[in-house]
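Only one structure is covered here, and it is reproduced in the block below.
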Amino acid sequence: NAGVMQNPRHLVRRRGQEARLRCSPMKGHSHVYWYRQLPEEGLKFMVYLQKENIIDESGMPKERFSAEFPKEGPSILRIQQVVRGDSAAYFCASSPDKRTQHFGDGTRLSIL
Amino acid sequence: SQQGEEDPQALSIQEGENATMNCSYKTSINNLQWYRQNSGRGLVHLILIRSNEREKHSGRLRVTLDTSKKSSSLLITASRAADTASYFCATATIYAGGTSYGKLTFGQGTILTVHP
């Protein structure tokens, strides 16, 4: 059973471009969480999704950020018109039961 | 101060010694979890302790939870160089109605360095 797969591992974008981060949860996991980690800090919750539904997006910036978890395919975190402050590591976690979360290795986003 | 604060921020010990990390939190919780993060990698789940439990063991790990003080500790016994990593506590909040849908609030982490 493969773990949580995130791609790309590293993503470089120029200011104003779009960033798309993908997360394939573990098989059988219907709960997906996205977190952001700034250097030297802990993870900050962004959004929680179940298949096709956003359950809690209280940690998402109101503008430019969106997330989806379609019936088929990976969960996508999309950042439009990126700015320098979006540079961070973005982690996805999946869970079968909303308790133990299994994390991917993250996508490190760098904005030039 | 924020939910899930760990102390110390950094801990440096020799192989074979024990390492103790503490975590404090503010809100009512459903459970508290400890994770390890190696440099450049994702988080690895170590142990979960429920709010009605006081102590839990897993191999060389021992976790305690004191809900009256809103604090937890992680003890790693007989540390190894491979234990070098950042350690985070995370709390799952209880919402009205007693539900928790797993949203985790992480502390800043403790950087543990174990010297061979």
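The values are calculated or read from the model by the stated rules, or taken from the named source; none is laboratory data. Because the structure is a prediction, the values reported are computed rather than measured. Backbone-built Cβ (ideal geometry, glycine too); neighbour counts: all protein chains shown.
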The residue from A:94, A:66 that alone is touching a residue at least 12 places away in the same chain (Cβ under 8 Å), crowded, with 21+ Cβ neighbours inside 10 Å, of a type in the set (Ser, Thr, Tyr) and not in a loop (DSSP other than H, G, I, E, B) is A:94
Taking the range B:54-81 and keeping residues over 23 Å from residue A:42 (Cβ atoms) and either in contact (Cβ under 8 Å) with a residue 24 or more places away in the chain or within 14 Å of chain A (Cβ to nearest Cβ) (or both) leaves B:77, B:78, B:80, B:81
Screening B:82, B:96 for residues that are hydrophobic (A, V, I, L, M, F, W, C), modelled with pLDDT of 95 or more and surrounded by fewer than 18 Cβ atoms within 10 Å (Cβ to Cβ) leaves only B:82
**Flag if residue B:102 is more than 14 Å from chain A (Cβ to nearest Cβ), without any contact (Cβ under 8 Å) to a residue 40 or more places away in the chain and not aliphatic (A, V, I, L, M)** = no
Please work out if residue A:77 is buried (at least 22 other Cβ atoms within 10 Å of the Cβ) and part of a strand (DSSP E or B). yes
Take residue B:82 and tell me if it is more than 20 Å from residue A:101 (Cβ to Cβ) and not acidic (Asp, Glu). yes
Being more than 9 Å from every other protein chain (Cβ to nearest Cβ), farther than 24 Å from residue B:49 by Cα, out of contact with any Pro (no Cβ under 7 Å at 6 or more places or on another chain) and in a loop (DSSP other than H, G, I, E, B) narrows A:12, A:82 down to just A:82
